[in-house]
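J.: Below is one structure. I have some questions about it.
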Amino acid sequence: MSEIYFDNGATTRAFPEVREIMSEVLDIEYGNPSSMHMKGFRAEKYLNQAKETIAKSLKVDPKEIYFTSGGTEANNLALIGTAMAHKRTKKHIITSCIEHASVYNPLSCLEDEGFEVTYLPVDHKGIVDLDKLKEALRPDTFLVSVMCVNNEIGAVEPIEEIGKIVKSYDSSILFHTDCIQAYGKMKCFPKKWKVDMLSVSGHKIHGPKGIGFIYIKEGTKIKPMIWGGNQQKGMRSGTENVPGIVGLGKATELIYQDHKEKVKHIRAVKEHFIDRVMAEIPNVKDNSGEAPHIASISFLGVRSEVLLHALEEKGIYVSAGSACSSNKPEVSGTLRGIGLDKEHYESTLRFSFSIYNTVEEADACVECLKELLPVLRKFTRK
């Protein structure tokens, strides 16, 4: 069997066009965009073109786009940057109980610095309780951060409703959303959603690793975390990663070409896979949300790590959760948040799909599961 890659929530294979344009920039247009000569000018032109492409996809002004080293830095900048800007006046932050580690861990650090964080509960589908959000808002709240699409189960949060609730209570409260699993799989419109900051990572949309961006609405009260040569209007100093930025711009352009068809294809593979698993394999539970690319399934009677490696031996690559946290033995906050008991959350795998996946690959994976599970369940320790 040829390789089957169902771990696109962790990272994606770069578009060929992304590799080509990055190679061109690395080999020919390698100037520093801050240099005053023509070589620097051409590098800056590449950078600005990427920024315009990204801004167009979000329907925002290019000057509101800032490039980062990836989604983690973008999330950290949104959280820590706004906290530092408000520390003398306000101390309260609201988030959900199922955020990615790049949100949860910075917030934990801010709690150590004296900030207070309210973690909103979710229902069994992973959707934030809006009534609890309304109850949590208070005069010293300066930031609400809720992810758009959960990275483990694919729950799609009501971001536009959250924005309305937050801004109706106090228009000065900042609203941040982690769109790392949403961007490229759905249309993201921060102005319409009343979002002040939005984070994206390049390698989730068939772009390169080590590059991402954050949308920061003009006028947002936020402090930089990286100081230096005043690049990017001082918001994120350091020589720009021009090859990465150009690759991200090209990936954005391509992922939103024929976007409806791309999403339709990804969703069809996901739904076909889930339908067959639920119909043909006993003792399974579907935890999947509405995102088109993520399936979360609990296979009772076998530990997720055991099944993951058994599939790997067959050339099928999946995940036991967030790749960014896979080196930690902690129980998934998302799976606990939706109410799964120990037997279920210890047997859950994530299958995440891309435009490169096919229904035939989904069928092959199901057949492997049907072959492996009876044997693995038989020898699982009671």
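J.: Within the range 42-63, take every residue that is charged (D, E, K, R) and touching a helix residue (DSSP H, G or I) at 6+ places or on another chain (Cβ under 7 Å) and give me the one that is surrounded by the fewest Cβ atoms within 10 Å (Cβ to Cβ).
T.: Lys59
J.: Could you look through the range 77-91, keep only residues that are under 22 Å from the mean Cα position of the chain (by Cα) and over 23 Å from Pro243 (Cβ atoms), and pick out the one that is most open to solvent (accessible area, probe 1.4 Å)? Break it down stepwise before answering.
T.: Filtering the range 77-91 for residues under 22 Å from the mean Cα position of the chain (by Cα) gives 77-83.
Now drop any that are not over 23 Å from Pro243 (Cβ atoms), which leaves 78-83.
Working: Ala78: 0, Leu79: 0, Ile80: 44, Gly81: 1, Thr82: 0, Ala83: 0 Å².
Per the criteria, the residue is Ile80.
J.: Can you name the residue in the range 268-292 that is touching a residue at least 60 places away in the same chain (Cβ under 8 Å) and part of a helix (DSSP H, G or I) and, of all such residues, is surrounded by the fewest Cβ atoms within 10 Å (Cβ to Cβ)?
T.: It comes out as Glu280.
J.: Here's a follow-up. Let me spell it out: the conditions are (1) assigned to a loop (DSSP other than H, G, I, E, B); (2) over 29 Å from Ile162 (Cβ atoms), and Gly219 meets all of them except one. Which number is the exception?
T.: For Gly219, the exception is condition (2).
J.: Filter the range 9-26 down to the residues that are within 11 Å of Pro208 (Cα to Cα) and among the hydrophobic types (A, V, I, L, M, F, W, C), then identify the one that is most open to solvent (accessible area, probe 1.4 Å).
T.: Among residues in the range 9-26 that are within 11 Å of Pro208 (Cα to Cα) and among the hydrophobic types (A, V, I, L, M, F, W, C), the one most open to solvent (accessible area, probe 1.4 Å) is Met22.
J.: Residues that are modelled with pLDDT of 95 or more, in a helix (DSSP H, G or I), open to solvent by 50 Å² or more (accessible area, probe 1.4 Å) and not β-branched (Val, Ile, Thr): does the range 243-255 have at least one? Explain how you work it out, then say what you get.
T.: Within the range 243-255, the first condition is being modelled with pLDDT of 95 or more, and the residues that meet it are 243-255.
If we keep only those that are in a helix (DSSP H, G or I) too, we end up with 243-255.
Applying the additional criterion that residues be open to solvent by 50 Å² or more (accessible area, probe 1.4 Å) yields 253.
Next, only the ones that are not β-branched (Val, Ile, Thr) stay: 253.
For the range 243-255, residues modelled with pLDDT of 95 or more, in a helix (DSSP H, G or I), open to solvent by 50 Å² or more (accessible area, probe 1.4 Å) and not β-branched (Val, Ile, Thr): present.
J.: Among the residues in the range 174-182, are any under 26 Å from Glu20 (Cβ atoms), crowded, with 23+ Cβ neighbours inside 10 Å and hydroxyl-bearing (Ser, Thr, Tyr)? Working first, answer last.
T.: Step one: filter the range 174-182 for residues under 26 Å from Glu20 (Cβ atoms), giving 180.
Subset that is crowded, with 23+ Cβ neighbours inside 10 Å: 180.
Okay, now just the ones that are also hydroxyl-bearing (Ser, Thr, Tyr), so none.
Looking for residues that are under 26 Å from Glu20 (Cβ atoms), crowded, with 23+ Cβ neighbours inside 10 Å and hydroxyl-bearing (Ser, Thr, Tyr), one finds none in the range 174-182, hence no.
J.: Give me the residue from the range 148-166 that is open to solvent by less than 40 Å² (accessible area, probe 1.4 Å) and over 15 Å from the mean Cα position of the chain (by Cα) and, out of that set, farthest from Leu198 (Cα to Cα).
T.: Taking the range 148-166 and keeping what is open to solvent by less than 40 Å² (accessible area, probe 1.4 Å), we get 148-155, 157-159, 162-163, 165-166.
After this cut, where a residue has to be over 15 Å from the mean Cα position of the chain (by Cα) as well, the list is 158, 162-163, 165-166.
On the way: Pro158: 15, Ile162: 14, Gly163: 12, Ile165: 18, Val166: 16 Å.
Filtering first and then ranking leaves Ile165.
J.: With Lys209, Lys223 as the choices, which residue is farther than 27 Å from Lys39 by Cβ and touching a helix residue (DSSP H, G or I) at 6+ places or on another chain (Cβ under 8 Å)? First the steps, then the outcome.
T.: On the way: Lys209 fails: farther than 27 Å from Lys39 by Cβ.
Only one candidate qualifies: Lys223.
J.: Residues being within 28 Å of Met186 (Cβ to Cβ) and surrounded by fewer than 16 Cβ atoms within 10 Å (Cβ to Cβ): count how many of those fall in the range 342-382.
T.: Of the residues in that region, 5 qualify.
J.: Considering only the range 92-147, how many residues are open to solvent by 50 Å² or more (accessible area, probe 1.4 Å) and among the polar types (S, T, N, Q)?
T.: 1
J.: If we keep just the residues of the range 1-21 that are part of a helix (DSSP H, G or I) and under 23 Å from the mean Cα position of the chain (by Cα), which is nearest to Lys204 (Cα to Cα)? Show your work before the answer.
T.: The first filter runs over the range 1-21 and keeps only residues part of a helix (DSSP H, G or I), leaving 16-21.
Keeping just the survivors that are under 23 Å from the mean Cα position of the chain (by Cα) gives 16-19.
Numbers: Pro16: 15, Glu17: 16, Val18: 13, Arg19: 15 Å.
Top of the filtered list is Val18.
J.: For the range 168-184, what are the residues that are among the charged types (D, E, K, R) and closer than 11 Å to Cys148 by Cα?
T.: Here is the first cut: in the range 168-184, the ones among the charged types (D, E, K, R) are 170, 178.
Asp178 - this is the single residue of the range 168-184 that is among the charged types (D, E, K, R) and closer than 11 Å to Cys148 by Cα.
J.: Moving to a separate point now. Does the range 332-341 contain any residue that is modelled with pLDDT of 90 or more and surrounded by fewer than 13 Cβ atoms within 10 Å (Cβ to Cβ)? So that I can check it myself, show each step before the final result.
T.: The first filter runs over the range 332-341 and keeps only residues modelled with pLDDT of 90 or more, leaving 334-341.
After this cut, where a residue has to be surrounded by fewer than 13 Cβ atoms within 10 Å (Cβ to Cβ) as well, the list is 341.
So far as the range 332-341 goes, yes, one or more of its residues are modelled with pLDDT of 90 or more and surrounded by fewer than 13 Cβ atoms within 10 Å (Cβ to Cβ).
J.: Would you confirm, using the coordinates I've provided, whether Ala50 is over 30 Å from Val117 (Cβ atoms) and at pLDDT 95 or above? Give the steps one after another, and end with the answer.
T.: On the way: over 30 Å from Val117 (Cβ atoms): yes; at pLDDT 95 or above: yes.
Taking the combined requirement at face value, the residue satisfies it.
J.: Take the residues in the range 293-311 that are in a helix (DSSP H, G or I) and hydrophobic (A, V, I, L, M, F, W, C); name whichever of them is surrounded by the most Cβ atoms within 10 Å (Cβ to Cβ).
T.: Taking the range 293-311 as the starting set, the residues that turn out to be in a helix (DSSP H, G or I) are 304-311.
From the residues that got through so far, the ones that are hydrophobic (A, V, I, L, M, F, W, C) too are 306-308, 310-311.
Numbers: Val306: 16, Leu307: 22, Leu308: 20, Ala310: 18, Leu311: 20.
Restricting to residues being in a helix (DSSP H, G or I) and hydrophobic (A, V, I, L, M, F, W, C), the top hit is Leu307.
J.: Also: Report every pair of residues separated by at least 6 positions or lying on different chains whose Cβ atoms are under 6 Å apart, first residue within the range 8-19 and closer than 20 Å to Arg267 by Cα, second open to solvent by 10 Å² or more (accessible area, probe 1.4 Å) and assigned to a helix (DSSP H, G or I).
T.: Ala10/Ala323; Thr11/His203; Phe15/Leu254
J.: Find the residue count for the range 187-203, including only residues that are open to solvent by 10 Å² or more (accessible area, probe 1.4 Å), touching a residue at least 40 places away in the same chain (Cβ under 8 Å) and either within 25 Å of Asn357 (Cβ to Cβ) or not charged (D, E, K, R) (or both).
T.: 3
J.: Going through Ile226, Ile216 one at a time, which residue ends up being more than 30 Å from Tyr345 (Cβ to Cβ) and either surrounded by 22 or more Cβ atoms within 10 Å (Cβ to Cβ) or among the small types (Gly, Ala, Ser) (or both)? So that I can check it myself, show each step before the final result.
T.: On the way: Ile226 fails: either surrounded by 22 or more Cβ atoms within 10 Å (Cβ to Cβ) or among the small types (Gly, Ala, Ser) (or both).
Answer to the check: Ile216.
J.: Would you point out which residue out of His259, His265, His206 is under 22 Å from Gln181 (Cα atoms) and surrounded by fewer than 18 Cβ atoms within 10 Å (Cβ to Cβ)? Reasoning before the result, please.
T.: Values: His265 fails: surrounded by fewer than 18 Cβ atoms within 10 Å (Cβ to Cβ); His206 fails: surrounded by fewer than 18 Cβ atoms within 10 Å (Cβ to Cβ).
After applying the criteria, what remains is His259.
J.: If I go through the range 144-178 residue by residue, how many of them are of a type outside the set (S, T, N, Q), without any contact (Cβ under 8 Å) to a residue 40 or more places away in the chain and assigned to a strand (DSSP E or B)? So that I can check it myself, show each step before the final result.
T.: Taking the range 144-178 as the starting set, the residues that turn out to be of a type outside the set (S, T, N, Q) are 144, 146-149, 152-167, 169-170, 173-176, 178.
Narrowing further to those that are without any contact (Cβ under 8 Å) to a residue 40 or more places away in the chain: 158-167, 169-170, 173, 175.
From what is left, the residues that are assigned to a strand (DSSP E or B) are 175.
Residues meeting the conditions: 1.
The values are calculated or read from the model by the stated rules, or taken from the named source; none is laboratory data. All of these numbers come straight from a predicted model, not from anything done at the bench. Glycine also receives a Cβ, built like all others from the backbone with ideal geometry; neighbour counts cover every protein chain displayed. Heavy atoms of the whole protein, side chains included, go into the accessibility calculation; ligands, DNA and RNA do not. Shrake-Rupley method; radii C 1.70, N 1.55, O 1.52, S 1.80 Å.
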